[in-house]
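The values are calculated or read from the model by the stated rules, or taken from the named source; none is laboratory data. Keep in mind that this is a model prediction, so the values were computed, not measured. Note that we place each Cβ from the backbone using ideal geometry, even for glycine, and neighbour counts take in every protein chain shown.
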Amino acid sequence: MTMRELAGLANVSVSTVSKAFHGGPDISAETRERIFALARQHGCYGRFFRGKYPRKVIAIICPELGSAHYIDYVERLKNAIEADGGIAVVASYQFDEAYQAELVEYFASYLQVDGIFVIHLKCELKKGYDVPIVALASREQELDSVNADIGAALAEALAELRRLGHTSVTFVGESLTAGKQQQFEELVQADAQLQGTVIVSEERFEKAGADGVRRLLEQAPECTALVCAYDDIALGAIRALTQRGLRVPQDISVMGIDNIVHSAYAQTALTTIGCDMDGMCAAAWRIMAHKLKNRYYKNRQSIVLPGRLILRDTVGKAPEKRG
């Protein structure tokens with residue numbers, strides 16, 4: 001349907017239809033709604049509409065939607081956006097930096113959303129975007145960013161294991177957890193009382209934990225404690241250890257990182273290192289809300305919140321002799 005045909009159905013001029021779709025102030029609300037209703041009925045509303053959507057639309061770009069950790073970020077940001085009357089749209093880039101950049105371009109330049117959150121920003125962004133962009137779980141010098149630093153909490157965790165008599169500790173990770181692996185290796189190297197082993201699985205999530213246990217028992221049977229790159233790996237490791245007749249924490253202690261929601265409700269509540277996700281998302285939303293109210297506001301912030309060790313039931317004293 002053309003705009004002229006729509007004008008005929010509404011019994012108004014073509015210029016009146018154009019003003020309705022462009023948000024012109026000099027037509028009545030009744031006429032505007034009558035035109036819109038006819039346009040929706042005939043399937044051409046989206047093609048003609050050029051006005052600004054009355055609610056703020058905020059995009060959330062995250063690495064993946066199959067991870068409880070990233071879903072926690074999305075849910076908190078979505079709740080903050082909706083509590084302020086906005087609408088959240090979510091997309092994932094599957095850890096592909098080029099696709100991450102494409103999504104930012106799509107939301108900023110084509111959909112023209114009002115704001116963008118990017119979780120784990122890795123790509124180099126184009127200059128000159130008008131839309132406010134806030135990075136989470138990444139430390140950016142050129143953008144407003146909010147990040148968590150688990151270094152001190154990981155050092156505290158290793159000190160706790162050493163206090164409990166553990167001297168052989170294994171890190172179990174996967175290809176996407178190199179940053180945490182590096183922190184672990186640096187802390188172990190600085191501690192003469194600890195012997196550290198690293199296992200990098202080709203699997204992910206719980207499968208990585210099961211694979212890590214299999215390789216651990218082959219490569220480092222003397223190990224009495226596991227530090228897993230994230231909680232899903234730890235939960236998979238606990239299941240694999242139990243299937244092999246090993247008790248957690250009596251025979252081997254297990255620790256995760258991220259403090260996903262169900263880690264506290266596992267059959268044996270998981271000891272983990274948590275980032276202040278509530279604080280991170282609240283800080284990110286405060287920055288975004290300020291920018292939405294004043295598009296000319298420029299005060300780049302890099303906020304870093306500390307992680308914390310959360311002691312539960314999967315860490316105990318090192319056994320005198322395992323097996």
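The number of residues in the stretch 88-122 that are β-branched (Val, Ile, Thr), in contact with a helix residue (DSSP H, G or I) (Cβ under 7 Å, 6 or more places away or on another chain), part of a strand (DSSP E or B) and more than 20 Å from THR177 (Cβ to Cβ) comes to 2.
Note on the stretch 48-67: among residues that are modelled with pLDDT of 95 or more and not aliphatic (A, V, I, L, M), the one that is surrounded by the most Cβ atoms within 10 Å (Cβ to Cβ) is CYS62.
ALA269 - would you say it is over 20 Å from THR177 (Cβ atoms), modelled with pLDDT of 95 or more, small (Gly, Ala, Ser) and assigned to a loop (DSSP other than H, G, I, E, B)? So ALA269 fits the description; yes. Within the option set ALA59, ALA88, ALA83, being in contact with an Asp or Glu (Cβ under 7 Å, 6 or more places away or on another chain) and closer than 19 Å to VAL113 by Cα holds for one residue only, ALA88.
Exactly one residue out of THR170, THR197, THR177, THR271 is buried (at least 21 other Cβ atoms within 10 Å of the Cβ), farther than 29 Å from ARG76 by Cβ and either in contact (Cβ under 8 Å) with a residue 40 or more places away in the chain or among the β-branched types (Val, Ile, Thr) (or both): that is THR170.
Exactly one residue out of ARG286, ARG239 is more than 30 Å from GLY85 (Cα to Cα) and either within 17 Å of the chain's Cα centre (by Cα) or among the basic types (Lys, Arg) (or both), and it is ARG239. Out of TYR45, TYR70, TYR93, which single residue is surrounded by 14 or more Cβ atoms within 10 Å (Cβ to Cβ), over 27 Å from ILE257 (Cβ atoms) and of a type in the set (Ser, Thr, Tyr)? The conditions single out TYR45. Search the stretch 142-159 for residues being in contact with a strand residue (DSSP E or B) (Cβ under 7 Å, 6 or more places away or on another chain) and assigned to a loop (DSSP other than H, G, I, E, B), and hand back the single one that is farthest from LYS56 (Cα to Cα). For the stretch 142-159, the residue satisfying everything is ILE150. Restricting ALA208, ALA237, ALA264 to those that are among the small types (Gly, Ala, Ser) and either within 15 Å of LEU311 (Cα to Cα) or at pLDDT below 95 (or both) reduces the list to ALA264.
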